[in-house]
Structure formats: C-alpha cells, structure tokens
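One structure is given below, encoded as structure tokens.
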Amino acid sequence: MSLLCCYFRRRQLQCIQQQQTIQKHSSKMASFTSHYRPSLIPFFVVFLFVVSFSLTPVLSVPTVSDSGHRRPANQTFRPRKEIQKLKRINDYLRKINKPAVKTIQSPDGDVIDCVLSHLQPAFDHPDLKGQKPLDPPERPKGHESTETVTESFQQWTNSGESCPEGTVPIRRTTERDVLRASSFRRYGRKPTRHVRRDSSANGHEHAVVFVNGEQYYGAKANLNVWSPHVNDAYEFSLSQVWVISGSFGNDLNTIEAGWQVSPELYGDNYPRFFTYWTTDAYQATGCYNLLCSGFVQTNNRIAIGAAISPRSSYNTRQFDIGLMVWKDPKHGHWWLEFGSGLLVGYWPAFLFSHLRSHANMIQFGGEIVNSRSSGYHTSTQMGSGHFAEEGFGKAAYFRNLQTVDWDNNLLPLNNLHLLADHSNCYDIRQGRNNVWGTYFYYGGPGRNVKCP
C-alpha cells in the first residue's frame with residue numbers, strides 16, 4: 001500500500017509540473033499575440049476589400065436603357081434601377097393583359113386570351129368606361145360580304161380551339177415582349193416622324209401608291225401575304241393601308257391596317273395582322289393592335305397581332321387577305337373588316353381630330369426600316385423580296401384598290417400617284433384590268449449592286 005501511494009504521489013507532482021509549464025508558454029503566446037495584433041488589421045481590411053470587389057455584379061454585355069440608349073459593356077449593374085424598371089413593366093402587363101375566361105395555346109408559341117368584350121383594353125379609356133361594343137354598321141354600297149363562310153386565316157385557330165361568344169381573342173403580351181423593345185416608354189408604338197414625306201431622313205423607306213386632294217371616307221384592297229426577311233432586330237417590313245388626315249406635322253392623324261414582320265414587337269419572323277392609329281404624328285398617342293386604350297374589338301375569331309397562315313411562296317401558291325376601313329355614316333366611327341367579311345372592330349371617332357370628319361389622303365403599299373446597322377443599306381426585304389417587274393407569283397401585289405366616298409359608296413381610284421423612295425432597293429409598278437381592277441406590284445431585296 002505504501003509503494004502504491006508513493007507511485008500516485010509521484011504522478012501527481014508530474015501533472016502539476018506539466019500544468020505550470022503549459023501556463024508559462026501560454027503567457028508567452030498571449031504576450032506575443034497582443035504585441036502583434038495591430039499589424040494584422042490592415043491585412044484583414046485588404047482581404048475584405050478584395051472579396052467585396054470580386055462579388056460586385058458587373059454586366060459583360062451591353063444593355064438597353066429606358067431612354068433607348070445602349071449602356072457600354074462592363075458598366076456596373078444597378079439592381080435598384082433594374083428592379084424599378086421591371087416593376088413598371090409588370091404594372092403595364094397587369095393593365096394590358098385582362099382576365100381570361102379561356103386561354104388558347106397557339107402552335108406558333110403565342111398565348112391567346114379570350115377576354116370578355118367589355119373588359120378589353122379599349123374600355124380603360126375615360127370616354128369608353130362602362131360602355132359596351134357597338135352593333136355592326138352599314139357596309140359601303142357595292143361591297144359583297146360573305147361573313148358566314150369566311151375563314152380567319154390565323155395560326156392560333158389551327159389548334160381547333162376558339163373563343164366563346166361575348167369574348168374577344170387577345171394575344172398575351174409578355175415581359176419578354178416588352179424587354180425586346182429599344183425603349184420601354186416607346187413599346188407598342190412606331191418611331192416618331194416616320195411618315196412617307198419624312199422617310200428619307202429617318203431610315204423608313206416606302207414603295208406606295210396614294211390618292212389625295214379630295215375627301216375620303218374609307219379604303220379597300222386585297223394584300224398579298226409573304227414572309228420577307230428582316231435583317232436587324234430593330235427593323236421591320238410591312239404592307240398596309242393608310243387612312244390619313246391633317247398635315248405631315250405634329251397634327252397628323254392616321255388609321256393603319258395590314259400585315260407586318262417585326263422581330264422587335266413579336267419576337268419572330270412571322271407575318272402578322274396588325275392595326276395602328278395616332279393623332280399626333282406618332283408622338284404620344286396611339287399604338288399597335290390592342291396595346292393601349294383605343295381600338296374596340298367586336299369579333300371573337302380574329303386576334304390582332306396573331307400570325308397569318310397560309311403565306312405566299314415564290315413561283316407557287318399565292319395568298320392574299322382583304323382589308324377595308326370605312327367611316328360609319330351613322331355614328332362616325334372608323335370600322336375595320338378583315339378577309340371576306342369579318343368585322344374586327346372600330347376606332348371611336350373621338351380619338352381623332354382631323355379624322356373625326358374625313359381623310360384627305362389614302363395610301364397603299366410597303367414600308368421597311370433601314371437602320372444601316374452594318375454601315376450600309378439593309379438587306380431587309382419588302383413584299384416578296386423581289387422587284388415589281390417579276391410580276392405575279394414572284395413579286396408581291398395589292399389588287400382591287402378602292403376608296404369610299406361621302407355617300408358610303410365604294411369607288412375605283414382616280415389620279416393615282418406612285419412613289420418609291422429608293423427604287424434601286426424597292427420599286428413599284430401599277431396596272432389595271434377587268435379582274436383585279438386597279439392593282440400594283442411592289443417590293444425588292446434591299447441591299448444589292450445598285451443599292452449599296
């Protein structure tokens with residue numbers, strides 16, 4: 001027992017000595033650390049600075065601001081500004097996309113909402129709130145309507161689905177649609193001052209026929225439908241009818257309808273049925289299709305902005321659509337007919353100043369935007385992309401051109417004028433026969449040897 005006690009006593013002394021040694025070294029380390037602590041702070045600060053800098057989000061590609069100007073690459077991203085922009089876009093989408101009683105998925109990717117007629121965007125207008133669409137008006141004399149057998153000729157109807165009575169089909173606008181625009185503030189609008197007389201100054205080029213000098217109450221034609229190549233995302237190619245009044249200054253009034261290929265507006269290269277209106281030369285009023293309050297749609301079979309099908313092909317099958325715009329003698333509103341008798345809807349007379357009474361110019365033809373983004377003339381095509389001289393099956397055409405007079409009569413055109421802004425790029429040729437009445441071929445390829 002005594003030996004065991006001595007052993008444990010010896011181990012206890014060893015433990016005490018080890019603890020004293022550890023405490024001694026610990027005191028030295030504490031003294032060393034305390035002495036050098038201030039010199040470590042700058043290194044720690046530099047470390048934090050490097051880490052924070054490396055985590056800062058930086059854009060590596062140019063973006064487009066609300067004003068339409070491109071930001072330079074590698075500019076620091078400002079989340080607050082972008083969040084505010086997205087909020088404005090979402091507020092707009094909530095306003096323009098109305099509640100649907102039925103939704104149809106189109107084969108081309110569009111979403112078509114069937115919206116109750118009295119809830120469509122037009123009735124957000126203060127002068128239309130609480131109202132309902134008007135009954136069909138009297139059609140012009142001399143017009144043959146076959147509405148009971150006509151087709152809509154739009155891709156979304158190929159799904160076999162349709163919108164019920166009491167609703168109107170509206171192409172849904174998406175966040176992606178708005179973000180494609182060069183400027184959110186200008187989304188759904190044409191550039192300012194792009195009318196025929198200003199075309200040479202701002203990149204818009206035309207091949208058109210027109211009549212003026214009298215009072216006009218409508219226009220009618222059949223338009224050949226193609227899928228022209230559009231070279232740049234911010235260019236378009238269209239064929240349309242213009243109903244015009246006022247001067248070519250800030251008071252210009254227009255009503256427009258036709259087909260267009262616009263990658264910026266629709267995100268693809270399909271020809272689409274479209275409408276447009278303005279009362280101040282495209283500055284602050286008006287818009288495409290139903291992207292603002294104005295046009296009142298009455299038809300449940302036509303979606304404005306939807307892709308047209310079928311389309312014409314070079315030297316094979318040709319396809320055209322009928323369009324008519326005219327002023328209702330009873331209420332004074334401007335109505336639109338598509339195809340062989342489908343009433344699409346109307347522009348209320350109160351939207352306009354000069355067009356409240358009549359038009360002083362009617363114009364038919366094609367228009368493209370030449371942005372010269374590559375430093376030379378665009379290769380965006382007009383019509384079929386072929387010159388007028390190639391004729392039927394190869395060049396695009398308008399046929400059966402007519403105007404409506406003060407007594408609601410359809411009349412052939414007199415004193416027709418032709419205009420091609422740059423005939424080496426896009427040209428036009430007029431003709432007349434007993435089958436097509438007054439007609440013309442038009443279009444071209446854009447950039448070529450004679451159009452550098």
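Quick one: if the Förster radius is 45 Å, what FRET efficiency do R176 and R317 give, using the C-beta to C-beta distance and rounding to 0.05? It comes to 0.85. Within the same chain, aspartates and glutamates fewer than 8 places from K102 are excluded, and of the rest, those with a Cα less than 15 Å from its Cα are D110, D113, E161, E165. Which shape class, rounded, prolate or oblate, goes with region 215-268 when its Cα gyration tensor gives a ≥ b ≥ c as root eigenvalues, a/c under 1.5 marks rounded, and past that a/b bigger than b/c marks prolate? The shape class here is oblate. With the highest mean first, a sort of the peptides 123-134, 256-267 on other beta-carbon atoms found within 10 angstrom per residue produces 256-267, 123-134. Across region 321-452, the mean sequence separation of Cα contacts (distance under 8 Å, 6 or more residues apart), normalised by length, yields a relative contact order of 22 percent.
The Stokes-Einstein estimate for region 220-349, based on a Kirkwood radius over Cα pairs and taken at 25 °C with 0.890 mPa s viscosity, is a diffusion coefficient of 159 µm²/s.
Summary value for region 149-296: 21 percent relative contact order, contacts being C-alpha pairs under 8 angstrom separated by 6+ residues.
From the alpha carbon centroid of region 100-117 to that of region 385-409 is 33 Å. Annotation for region 266-349: trypsin sites (Lys or Arg not before Pro) lying in DSSP loop with at most 13 further Cβ atoms inside 10 Å of their Cβ are R317, K330. Accessible surface comparison of F184, F364, probe 1.4 Å, protein chains only, largest first: the order is F184, F364. Note on K394: accessible area approximately 60 square angstrom, rounded to 10, probe 1.4 Å, nucleic acids and ligands left out. Using equal-weight Cα scatterers in the Debye expression, the normalised intensity of region 317-452 in log10 at q = 0.12, 0.14 Å⁻¹ is -0.61, -0.79.
Annotation for N158 and H417: the two label points, set 7 Å from Cα along the Cα-Cβ direction, are 4.1 nm apart.
On the beta carbon distance between D135 and V111, with R0 = 51 Å, the FRET formula returns roughly 0.95.
Relative contact order of region 393-452, taken over Cα pairs closer than 8 Å and 6 or more residues apart, is 37 percent.
The values are calculated or read from the model by the stated rules, or taken from the named source; none is laboratory data. None of the values given here were measured: they were computed from a predicted structure. Heads up, the Cβs are rebuilt from the backbone with ideal geometry, glycines too, and the neighbour counts pull from every protein chain shown. Accessible surface is based on the protein model in full, side chains and every heavy atom, while ligands, DNA and RNA are left aside. Shrake-Rupley method; radii C 1.70, N 1.55, O 1.52, S 1.80 Å.
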